[in-house]
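Chemist: So that we are looking at the same thing, I have put the structure below in C-alpha cells.
Where a number appears in this text, it was derived from the coordinates with a stated rule and is not lab data. Predicted, not measured: the structure shown is a model, and the values here were computed from it.
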Amino acid sequence: MEGMDMDVEESEPSFNSKHLKRFGLKNTIQTNFGEDYVFQIVPKDDLTSMAVSLSTNAVKLYSPETGQYFGELKGHSSTINEISFSGSTTPNVLHSCSSDGTIRAWDTRSFHQVSSVSAGPSQEIFSFSVGGSGDNLLAAGSKSQIFFWDWRTKKQIACLEESHMDDVTQVQFVPDHQNKLLSASVDGLMCIFDTRGSINDDDHLESVINVGTSIGKVGFFGGASQKLWCLTHIETLSVWDWKDARIEVNFEDARTLASDSWALDHVDYFVDCHYSGQDDRLWVIGGTSAGTLGYFPVDYKGKGSIGSPEAVLHGGHTGIVRSVLPLSGMRGGPTRTLGGVFGWTGGEDGRLCCWMPDESSDANRSWISSKLVMKSPKTRRKSRHHPY
C-alpha cells in the first residue's frame, strides 16, 4: 500500500448540486509492477474481503477496510470476465469465469481451486449466474450460447443455441424471481427465460427485448426488481420494465447529458449503475479517459434526465476506470459502513483507489471543489473514446 501526495485545494460551496458529496483519496494500492488492468472488484457479503480480477488472469484478495493484501487465486489460462462471491451458505467461495471456457470455484481461505466446470475447448465464458430452485442452477453466457449446469453434480443439463446470434455478454437470474434468467448479447437482444423443468429454446423463452445495439452491462432495481437498466457498448443508457418488455426511457445521448452537467472534461464512457433501494434512486457512473469519475443521478420517470454529479472521484486514477465498489457514504447509498470508507475503484492503470468522505481526518482533501461541477465558460473537448 502506498500513499499519494497531492496539492491541497480548498473546497468551495457548490451552488448547482445541492446533494454534492465530497470524498478524499485515502490511499492507493498498486496491484502489479507492469501494465496490467484491474477488471472487477466484488465484495464478500460480510465485507471482510474483496476480490479483484486482473488482466494477469489472476484474482487478488484484499481487506476493504484497510487495503491489506490477503492472497492470490491463480489457475485461469485466459482473461477473467466475471467474478462473484457465493451467498451465505458458502460465504468463503468465490466463482470466476474466463475466456478459457471454464467457471471455477475457489476457497478464499486456502486460495485453492475447489471445483470447476467447462463449456468445451473452443468456448469462451463471458458471464455466469447462480440461481434456480435452491440456488443449484449455474448459467453461463458464451459465443451465442447459454449453458446450464447442475452445480451440485457439475453435470451440464442444457445448452440454448437459438436465442442469440452473437456473444452473450450477460446472464443474470432475476432477484426475487430465482427461476427467471435474463440474457443479453452483442446482437442487441435481451431474453427472459423460465428455467423450471427441462430447459429448451422453444418452451422456456418468455420474452425478447430489442435494445438495438451491443449490450455491455445490465442490472435489476426497483420494487420486486421489476426495473432493468442497460448500458451498451456505444455508451447509451436505457431503463426497462422487463416483465412487460417495455422501455421506460432511452438516453441515446447519455454521455452528452452527463458531460453538460459538470465542468470537467467530456464523459467518455460509463462504468456501471448504482441503485439505492432506500430512496429509490438510480445513478449512472461515468468516467473520463484521465480517470475521473462522476455519480450522475438518473431520473427515469417521464421524459427522463441525467443530473449534475452528486459525487466526483478525482485525482486517484491516471487511466480508464473499469470497476467501482461503493461501500458507504453517499446520500441514499448503502446503509452499511466500513470504517468510514466510501468505496474502491480500479482501472487500467493497475491501481486500486480507496475513497473516504472528506470530513474524515484520514482523507486527503486535495481533489474536490465546486469547480468540478460548476459550468465552465470554456469549450469542452468532445472526444469519443471507446474503452472496451
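Chemist: May I ask which of Lys180/Lys303; Lys243/Lys301; Lys217/Lys243; Lys227/Lys303; Lys74/Lys155 have a Cα-Cα span longer than 21 Å here?
Modeler: As for pairs spanning more than 21 Å Cα to Cα, those are Lys180/Lys303; Lys74/Lys155.
Chemist: Roughly how far apart, in whole Å, are the Cα centres of the stretch 49-96 and the stretch 125-173?
Modeler: Computed from Cα coordinates, the inter-centre distance equals 21 Å.
Chemist: Moving on. Assuming 1.306 mPa s and 10 °C, estimate D for the stretch 142-197 with Stokes-Einstein, Rh taken as the Kirkwood radius over Cα pairs, in µm²/s.
Modeler: Calculated translational D: 135 µm²/s.
Chemist: Here is a follow-up. Gap in Å between the Cα centre of the stretch 223-275 and the Cα centre of the stretch 192-212?
Modeler: 24 Å
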